[in-house]
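S.K.: Let me begin by handing over the structure; questions about it come next.
The values are calculated or read from the model by the stated rules, or taken from the named source; none is laboratory data. Because the structure is predicted, anything quoted here is derived from the model rather than measured. Using ideal geometry, Cβ is built from the backbone for each residue, glycine included, and neighbour counts are taken over all protein chains shown. Remember, those area values only see protein heavy atoms, side chains included, never the ligands or the DNA or RNA. Shrake-Rupley method; radii C 1.70, N 1.55, O 1.52, S 1.80 Å.
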Amino acid sequence: MKADIFVQTELGRGSRTGVNRTFRKMLSHWQLYLILLPPLLYVIIFHYIPMYGIQLAFKQFQATSGITGSPWVGMKHFEQFFSSPSSWRIIRNTIGISLYSIAAGFAFPIMLAIALNEVRARFFKKTVQMITYAPYFISTVVLVGMLMQVLDPRAGIINQVITLFGGDPVNLMGKAEYFKSIYVWTTIWQGTGYSAVIYLAALSGVSKDLQEACVIDGASKLRRIWHVDLPSIRPTIVILLVLSFGSVMNVGFEMIFLMQNSLNLATSEIISTYVYKVGLINANFSFSTAIGLFNSVINLFLLVSANYLARKFTDNSLW
């Protein structure tokens with residue numbers, strides 16, 4: 001009996017000692033925890049607390065009753081969305097634009113980073129990096145305005161070139177079949193330089209000894225890139241690819257919404273623009289919440305699946 005009491009006392013004392021030691025260690029590094037606090041608060045306030053509103057997807061929201069007091073309708077809003085003749089077109093547009101963006105644009109930042117990494121002229125390297133990085137800072141509204149001017153049927157430079165060679169002007173923004181390509185290649189032009197910075201940082205950690213060994217063995221520059229640089233930054237490539245698949249359903253709302261018109265709506269209407277129109281303009285908050293929840297669940301499924309496949313085939317993953 002006394003032995004058991006002694007053991008329990010020692011265990012309690014040991015656990016208290018461990019807690020005290022952890023607390024003292026945290027106090028000694030309080031600056032790091034202070035830096036961690038703002039992003040932690042941001043995630044809690046803007047990502048976790050709003051989860052309380054997810055229940056709207058299963059209720060018929062009434063402003064007078066509030067979220068909790070609104071009547072429960074179950075899966076009504078999901079059934080309403082999937083029974084709509086436009087639902088599958090919207091889902092197809094969203095997935096199609098995202099996969100097109102990944103397939104067409106994922107390799108460009110890698111190629112740009114490798115090319116800049118091989119440049120030895122410092123001034124030229126910094127100049128190219130600044131020129132390719134600058135479009136990222138252009139406002140979405142300004143960028144779409146520039147795009148409208150370039151593609152204008154009468155005064156746009158594209159149509160000026162077409163008419164110069166004897167062709168007829170084309171209303172490119174009014175052709176639904178051109179919308180995806182216009183959007184995807186514009187975003188590639190805008191974001192390639194910014195995305196390349198991540199790969200440049202990864203390339204800076206490539207072993208110089210391996211590079212020198214390849215040079216001694218007589219390997220060409222392309223061989224060194226293929227056998228040293230790319231394998232060294234493979235974990236970064238895999239993680240960014242997994243993250244890309246985890247946001248397949250989150251196509252950029254602002255740019256697509258600004259590029260939309262009645263002529264290209266067949267291919268430009270995506271889930272985020274549809275949720276905006278239904279939820280905010282038509283004030284159907286419950287229906288739009290249901291669509292948003294469906295969107296998030298699909299993103300989660302794609303992220304977990306992509307992470308599983310990455311871990312299985314490449315031994316690199318997010319978790």
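S.K.: Might you work out the accessible area of Leu241 for me, using a 1.4 Å probe with all protein chains in place, and round it to the nearest 10 Å²?
M.R.: Result for Leu241: roughly 60 Å² accessible.
S.K.: So, one more: With every protein chain left in place and a probe of 1.4 Å, what is the accessible surface of Trp30, to the nearest 10 Å²?
M.R.: 130
S.K.: Taking 8 Å as the Cα distance limit and 6 or more residues as the minimum spacing, I'd like the relative contact order of segment 76-314 as a percentage.
M.R.: 29
S.K.: Whose amide H sits under 5 Å from the amide H of Gln62, counting only residues 5 or more places off or on another chain, with H placed in the peptide plane?
M.R.: Residues meeting the amide H criterion: Ser70.
S.K.: Now for a different question. Based on the Cα gyration tensor of segment 221-289, what are the three equivalent ellipsoid semi-axes, each the root of five times an eigenvalue, rounded to whole Å and given largest first?
M.R.: In descending order the semi-axes read 40, 15, 7 Å.
S.K.: Evaluate segment 171-228: find the radius of gyration of its Cα atoms, find its Kirkwood radius, and give the ratio Rg to Rh.
M.R.: The Rg/Rh ratio comes out at 1.32.
S.K.: If you don't mind, there's one more thing I want to ask. Tell me, what does the Kirkwood hydrodynamic radius of segment 27-105 come to in angstroms if you use every pair of distinct C-alpha atoms?
M.R.: 16.8
S.K.: Once each part is reduced to its C-alpha centroid, what is the distance from segment 17-82 to segment 204-238 in angstrom?
M.R.: 44
S.K.: Across the chain, how many lysine pairs separated by 8 or more positions, or lying on different chains, have Cα atoms within less than 23 Å?
M.R.: Number of lysine pairs found: 10.
S.K.: Looking at Asn93, Phe82, Trp189, which one has the Cα that reaches farthest to the positive end of the dipole of segment 76-314 (charges on Cβ: Lys, Arg +1; Asp, Glu -1)?
M.R.: Trp189
S.K.: Rg and Dmax of segment 48-197 over Cα atoms: what are they, in angstrom?
M.R.: 22.8, 68
S.K.: Right, something else. Shape verdict for segment 126-212, please, from the Cα gyration tensor: rounded (a/c under 1.5), prolate (a/b greater than b/c) or oblate.
M.R.: The shape class here is prolate.
S.K.: Moving on. Treating segment 76-314 as a set of equal point scatterers at the Cα positions, no solvent, please give the Debye-formula log₁₀ I(q)/I(0) at q = 0.11 Å⁻¹.
M.R.: -0.74
S.K.: May I ask for the Rg/Rh ratio of segment 140-272, computed from Cα atoms with Rh as the Kirkwood radius, given to two decimals?
M.R.: That ratio is 1.15, to two decimals.
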